[in-house]
1. With each label point set 7 Å from Cα along the Cα-Cβ vector, what nm distance links residue 12 and residue 68?
2. Can you tell me the dipole magnitude for the chain around its Cα centre, using point charges on the Cβ only (Lys, Arg +1; Asp, Glu -1), in Debye to the nearest 20?
3. Report in % the part of the accessible area of region 36-107 that belongs to carbon and sulfur, leaving out ligands and nucleic acids; probe 1.4 Å.
4. Okay, helix-only estimate at 222 nm for the chain: each DSSP H run of n ≥ 4 adds -39500 (n - 2.57), divide by all residues, round to 500 deg cm²/dmol; what do you get?
5. Please list, in chain and number order, the residues 5+ apart from residue 89 or on another chain whose amide H is under 5 Å from its amide H, with Hs placed from the backbone.
6. Counting only other residues whose beta carbon sits under 13 Å from that of residue 145, what net charge do I get with K and R as +1, D and E as -1?
7. Residue 49's amide H: which non-local residues (gap 5+, or another chain) put their own amide H closer than 5 Å, with H modeled 1.01 Å from N in plane and none for Pro or chain starts?
8. Starting from the Cα-Cα distance between residue 5 and residue 35, subtract it from 0.36 nm times their residue separation and give me the gain in nm to one decimal.
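The values are calculated or read from the model by the stated rules, or taken from the named source; none is laboratory data. It should be emphasised that the depicted structure is a prediction, and the values quoted were computed from it without experimental measurement. Cβ: placed from backbone, ideal geometry, glycine included. Neighbour counts: every protein chain shown. Accessible surface is based on the protein model in full, side chains and every heavy atom, while ligands, DNA and RNA are left aside. Shrake-Rupley method; radii C 1.70, N 1.55, O 1.52, S 1.80 Å.
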Amino acid sequence: MERARAFAKDCNDLGLTVHGDFVLGLPGETKESIRNTINFAKTLDVETIQVSIAHAFPGTEFYDYAKANGFIKNATAMSDEGGHQMAHIEYPGLPTDYVLEMVHRFYDEYYFRPRAAFRVVWKAFVNRDLPRLYVEAKAFLKLRAQRNQMVKTARSKPAEPPAPVNA
C-alpha cells in the first residue's frame, strides 16, 4: 500500500494522470475491507477512479470457488437492463445490496471531497473546458441518481433464495 501511495505521488509530482481501478466483492471481502479500500483510495488521490463489482464467470477459478461455497446468489444477473453492474456473489455478512450501496458511497466519498472537486473544476477552468465539465458533471450526476435508485430498489426487495446454478 505504501508503494502504491508513493507511485501515485510520484506520478502526480511529474504531472502524469493516474486512474485508479478498484474491485469490491472478491473472496475474503468484508464490510471492514470495503471501508479500508475506500479510505485507501482517498489517500492515493488519483485523478479518476472506477469501482467495479467482482463477477464470477463460468469457467474461472472464482466461479468454481463461489459455486462450491454457495456464494452465487444469481448467476444470470450480473447487470441490469441499463447495463449497470449488479452484485451476484454474496458472502456471509456481506449482502449483495450492501456491496451495491458501497459502490455508490465509494464514488460519492471520493469525488465529493473538497480536494477532488476543486481539482476537477480547476482543471476545467485552466484548460478553458467548462462546457466539457458541464456535460461530464451532468452525466455523472445522472449515473449517480441511477446508482442511488438501484441501491434503494435492492434494499426494498425481499430476500430470495439463491437461484440454482448449472455448471
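1. 4.2 nm
2. Working: 22 positive and 20 negative charges, 139 e Å.
Dipole magnitude for the chain comes out near 660 debye.
3. Values: 1640 of 3270 Å².
Result for region 36-107: 50 percent of the exposed heavy-atom area is carbon or sulfur.
4. On the way: 6 runs with 90 residues, N = 167.
That comes out to -17500 deg cm²/dmol.
5. Hits under the 5 Å cutoff: 73.
6. Details: positive: 138, 142, 144, 147, 152; negative: 108.
Every neighbour counted, the sum reads +4.
7. Here 20 satisfy the definition.
8. Values: separation 30, 0.36 × 30 = 10.80 nm, distance 1.72 nm.
Once the chain is fully extended between residue 5 and residue 35, it gains 9.1 nm.
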